[in-house]
Amino acid sequence: MNRAQSTLWDDMRTTLSDAIDLTAQSLCAYGPQHEHWAIAYSGGKDSSATLTVIMHLIETGRVPAPKSLTVVYADTRMELIPLAHAAQQIMAHLRARGIDVRIAVAPMDLRLLVYMLGRGVPPPSNSFRWCTRQIKVEPMQEVLANMLFSTPGTILMLTGVRVGESAQRDARIALSCGKDGAECGQGWYQEVLPEAPGIRGRIATLAPILHWRVCQVWDWLMFEAPALGWPTTDIAVAYGGDEAAEINARTGCTGCALASRDVALETVIRSLLWAYLTPLMGLKPLYRELRLPKWRLRKTGLDADGAVATGKNKQRMGPLTLDARRMGLERVLGIQNECNEAATRLGRPLVDLINPEEESRIRELIAAETWPQGWDGDEPTGDVPLDTVYADGLIQKLLV
Ligand code: SF4
């Protein structure tokens, strides 16, 4: 079919201007019920569009300004460099406009690489996804809880959740972080935060661009927002520039261990400006390697007295060995150094995966032989052949 040919559905498609009108209407309808607003900002395309369109609507008087507006930037310490770089510039613009900008970052020991390489918890996976809540949701929750502590009344938290084309027929919010180029964390903010202890009942969430299609997000970031003085062009470039809509990369942590491919990073390094970040492609293979049995401890299925242990998964795989952590640390530092040597030569933004404080904390935790709860380091590694202990307690001896 000719793309220019009109269809029965043409009238149902909203333009960007219609989409912005709907955004303004939702903010006007729900905003005045809350004196204080907070914007959960991840630096990705949806939350950057949300943030800048809200600022625009307030500045042009289309939406009444709240008593206070706080932008909370979720810094996982694993952000995609071009997005982190653009976020820094946007935050500088916000501060210059007098907006209160706060950074939500996990405490040292809970940051992704410190938790993994210092404490020895294996890389997150679909069956053991410890990361989103720990490095994104809980730090955001803590900043909001502190705000609530010092602020009477309720807070309206605005997120960049977007369901795009399906919005009109399906208003469910996708909790997963991997659909339709979504940004990891946005759905979690919407679903998990309002119920968090210390917050329950005092925070409402609103997703004012819920109905925007992805092409409208790009149009806003590439043309409309820059014309208003927002440095959002680099965000679109980081997602693939003119091809961003087709690529529709999902963003989250650099080398996200849960994504089958790091499409966002693959896209970024195709640009000459960011090609020096290519060594970061080594993160995903490292995470895969760290899941191998030889780098992990495993329960024998028997307790200290030789009796069958309790629990279902009696011979479960567990934490990273101390050698695995040392190997992982050297590999990540090597990747970081390689990027930064090139960055320094080219005058480009530096990579900051592990800073000196994090490195020394990881080394300290390894030296102290720190193990996750329930493990003491005496367990065999996962590649050691063992008698099989079944869930019902039966033992099958090793055939020798
Ligand atoms: S992007 Fe990946 S690694 Fe980062 S928090 Fe989300 S799921 Fe976890």
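Just a few scattered comments:
- By the equivalent-ellipsoid construction on the alpha carbon gyration tensor, segment 13-227 comes out with semi-axes of 27, 20, 17 Å, ordered largest to smallest.
- Value at 222 nm in deg cm²/dmol, rounded to 500, when DSSP H runs of n ≥ 4 in the chain each add -39,500 (n - 2.57): -10000 deg cm²/dmol
- Summarising the strand pairing of the chain, around 25 percent of its internal DSSP beta bridges are antiparallel.
- Cβ-derived FRET efficiency at R0 22 Å, THR233 paired with ALA96, nearest 0.05: 0.75
- Listed residue (ALA96, GLY252, VAL308) projecting farthest to the positive dipole end of the chain, Cβ model: VAL308
- Neighbour counts of C-beta atoms inside 10 Å place ILE247, ILE269 in the sequence ILE247, ILE269, starting with the fewest.
- In order through segment 288-301: 3J(HN,Hα) via Karplus (6.51 cos²θ - 1.76 cosθ + 1.60), integer Hz, x for Gly, Pro: 4, 5, 5, 7, 5, x, 5, 9, 10, 7, 9, 6, 7, x
- In the elastic network of the chain, a GNM with C-alpha springs shorter than 10 Å, the most mobile of VAL121, VAL389, VAL72 is VAL389.
- Considering only the Cα atoms of the chain, their convex hull presents on average a projected area of 25.0 nm².
- Scaled to the globular estimate 2.2 N^0.38 Å, the Cα spread of segment 178-314, given as radius of gyration, is 1.51.
- Note on the chain: dipole from Cβ charges, positive end direction compared against HIS36, HIS56, GLN134; the farthest Cα belongs to GLN134.
- In a simple Cβ point-charge model (Lys, Arg +1; Asp, Glu -1; nothing else charged), the chain has a dipole of about 380 debye relative to its Cα centre.
- Choice from ASP262, ASP378, ASP75 with maximal GNM fluctuation in the chain (Cα, 10 Å cutoff): ASP378
FYI, it's all coordinate maths here, none of it is from the lab. Keep in mind it's a predicted model, so treat the numbers as computed, not measured. For neighbour counting, all protein chains shown are included, and Cβ atoms are generated from backbone atoms with ideal geometry for every residue, glycine included.
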